[in-house]
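Colleague: Please see the structure below; I have some questions.
Laboratory data are not the source of any read-out in this text; all were calculated from the coordinates shown. What you see is a predicted model; the values in this text were computed from it and never measured. When we count neighbours, we look across all protein chains shown, and the Cβ atoms used for this are built from the backbone with ideal geometry, even at glycine.
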Amino acid sequence: MAATNTLTWLALVTLSVVSVALGRLDVALTVAGAKAILVGLDFMELRAAARPHLVAYLSYVVLLVAVLVLL
């Protein structure tokens, strides 16, 4: 479990650096969505949650990012 959390943390930091380095809002929003999914799966433990909870969370994040990017 600790190794998974460490890898997730490294992925979150890397995605943050990429987002800042590129400096584009659409990329930053997409990266934020990816980070939200990583946090939900690992730190909120949605991987082990009931399937409807996981699907609802992933659908919400994807829909929210899509709407924000298209605006």
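Colleague: Semi-axes of the equivalent ellipsoid of the stretch 2-70: what are they in whole Å, largest first, if each equals the square root of 5 times a C-alpha gyration tensor eigenvalue? Don't skip to the end; give the middle numbers.
Modeller: On the way: eigenvalues 95, 66, 4 Å².
Semi-axes (√(5λ), whole Å): 22, 18, 4.
Colleague: If you don't mind, another one. Could you work out the relative contact order of the stretch 2-70? I mean the mean sequence separation of Cα pairs under 8 Å and 6+ apart, divided by the number of residues, in percent. Kindly include the intermediate steps, with their values, before the conclusion.
Modeller: Values: 34 pairs, mean separation 24.4, N = 69.
RCO, the stretch 2-70: 35 percent.
Colleague: If you take the beta carbon distance between A48 and S16 as r and set R0 to 30 Å, what does 1/(1 + (r/R0)^6) give as a FRET efficiency, to the nearest 0.05? List each step's numbers first, then the result.
Modeller: On the way: r = 26 Å, r/R0 = 0.87.
Between A48 and S16 the formula returns 0.70.
Colleague: Moving to a separate point now. Please list, in order, the residues from the stretch 17-59 whose amide nitrogen is less than 16 Å from a point placed 7 Å along the Cα→Cβ vector of L71.
Modeller: Taking a point 7 Å out along Cα→Cβ of L71, the residues of the stretch 17-59 whose backbone N falls under 16 Å are 25-30, 32-33.
Colleague: How much length is gained on full extension from W9 to L38, taking 0.36 nm per residue of separation minus their Cα-Cα distance? Mind showing how you got there, number by number?
Modeller: Details: separation 29, 0.36 × 29 = 10.44 nm, distance 0.90 nm.
Length gained, W9 through L38: 9.5 nm.
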